[in-house]
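The values are calculated or read from the model by the stated rules, or taken from the named source; none is laboratory data. Bear in mind the structure is a predicted one, so any value in this text is a computation, not a measurement. Neighbour counts run over all protein chains shown; Cβ positions are idealised from the backbone, glycine included. Just so you know, the surface numbers come from the protein's heavy atoms only, side chains and all, with ligands and any DNA or RNA stripped out. Shrake-Rupley method; radii C 1.70, N 1.55, O 1.52, S 1.80 Å.
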Amino acid sequence: MLKNIAKLSTLKIKCDLRALSSLTQPTHQSIFDRNAKRLQKERAALSEDVGLYDYLKEEVGFRLADRVFDIKREFKAAADIGCSRGYLSKHILAESVEHLTLTDISVTMLEQAQGTPGLKMHKIVIDEEDLNFEENSLDLVISSLSLHWVNDLPGCFAKIKRSLKPDGVFIASMFGGDTLYELRSSLQLAELERKGGISPHISPFTQIRDIGSLLNRAGFTMLTIDTDELVIGYPSMFELMWDLKGMAENNAAFNRPAHLSRETMMAASAIYQELYAKPNESGVPATFQILYFVGWKPGPNQPQPLPRGTGEVSLKDLGKIIEKGGKVDSQT
């Protein structure tokens, strides 16, 4: 009898330990080495010519800031997640945002970030995966070309939504899945030919079809998602890779290879030139797909869809309505 009781208690303890271990285990797979990314950003920020590599992120930051201005509202409290060297803050005006909190994993980059005259700013060194803003404390959250290095993107979106006030807005940009497809395929072909296999030299990026589902899963509404492609020319593949390092956009995946042989590099450069160089033009192009998205936290003052069945005009009559100059015949 005592043995049976001891077995039952031991079984119960094992079950409890399994339950506790399942609670403590992460719900996502860690693909990116966040410490390696922090070191890469620190090295890039400490470089004497760091400003030479700002051209891409400066352009995307300017375009994203333009989307903030499209919203005719004054935001009392806002946060820039993964601000880097202030590619967004230098375009945000005090007339649109009263107080802006800048966050980044790199201390040096955060120190280099600047704002526009009159803009009140506060800087916090924090990882994008460990956001801890108070609930319902922000009117606006912005992020430019930073979230593609986050391991738990759904969790990050959920934390951002939690920090927003009702009817608050989240505006961000990320690299899309077609980014650097020329470099990716050239390295893969060169390595496949010489080693009989491929290694992940380019970090994975989020596809545009996944962004909407991730935002919906986090609880955002009234989504707006669009994509843009920036094609930049480089003298060769090597200048492209050098600039990526200067931008702190070199590979930070855990399974990244430690070395890439000179023979493979030369072969990849030749393949890049052969497959993607434009006729009668020197150099090679590099494509950067940029995903822009806007999501709103549900609020009582937001437009709501009408009940099903209350429509007065059929979509099949849309052509006739356009011909009449937008006038709707109430008798039809």
Selection over region 270-312 where residues are closer than 11 Å to M237 by Cβ and assigned to a loop (DSSP other than H, G, I, E, B) yields a count of 2
Within region 111-126, the residues that are among the charged types (D, E, K, R) and surrounded by 16 or more Cβ atoms within 10 Å (Cβ to Cβ) are K123
Is at least one residue of region 184-192 within 19 Å of V68 (Cα to Cα) and either surrounded by fewer than 18 Cβ atoms within 10 Å (Cβ to Cβ) or not small (G, A, S) (or both)?
no
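Within region 87-110, restricting attention to residues that are outside any loop (DSSP other than H, G, I, E, B) and without any contact (Cβ under 8 Å) to a residue 24 or more places away in the chain, which residue is most open to solvent (accessible area, probe 1.4 Å)?
H99
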Go through the residues of region 156-166 one by one and say whether even a single one is over 28 Å from F69 (Cα atoms) and open to solvent by 10 Å² or more (accessible area, probe 1.4 Å).
no
From the list L39, L52, L56, exactly one residue is open to solvent by 60 Å² or more (accessible area, probe 1.4 Å), under 16 Å from M241 (Cα atoms) and in a helix (DSSP H, G or I). Which is it?
L52
Lone qualifier among L214, L192 - being in contact (Cβ under 8 Å) with a residue 40 or more places away in the chain and hydrophobic (A, V, I, L, M, F, W, C)
L214
Positions within region 217-238 being open to solvent by 50 Å² or more (accessible area, probe 1.4 Å), in contact with a strand residue (DSSP E or B) (Cβ under 7 Å, 6 or more places away or on another chain) and without any contact (Cβ under 8 Å) to a residue 60 or more places away in the chain, in sequence order:
V231, G233
Counting only residues that are within 20 Å of the chain's Cα centre (by Cα) and farther than 26 Å from D152 by Cα, how many does region 81-135 have?
3
Every residue in region 279-319 that is open to solvent by 40 Å² or more (accessible area, probe 1.4 Å) and within 30 Å of E229 (Cβ to Cβ), please.
P279, N280, E281, S282
Does A172 count as buried (at least 23 other Cβ atoms within 10 Å of the Cβ), farther than 23 Å from L39 by Cα and in contact with a helix residue (DSSP H, G or I) (Cβ under 9 Å, 6 or more places away or on another chain)?
yes
Just checking, how many residues over region 133-144 are within 21 Å of S173 (Cα to Cα) and either in contact with a Lys or Arg (Cβ under 6 Å, 6 or more places away or on another chain) or not aromatic (F, W, Y) (or both)?
7
Please tell me if F69 is in contact with a Ser or Thr (Cβ under 9 Å, 6 or more places away or on another chain) and without any contact (Cβ under 8 Å) to a residue 40 or more places away in the chain.
yes
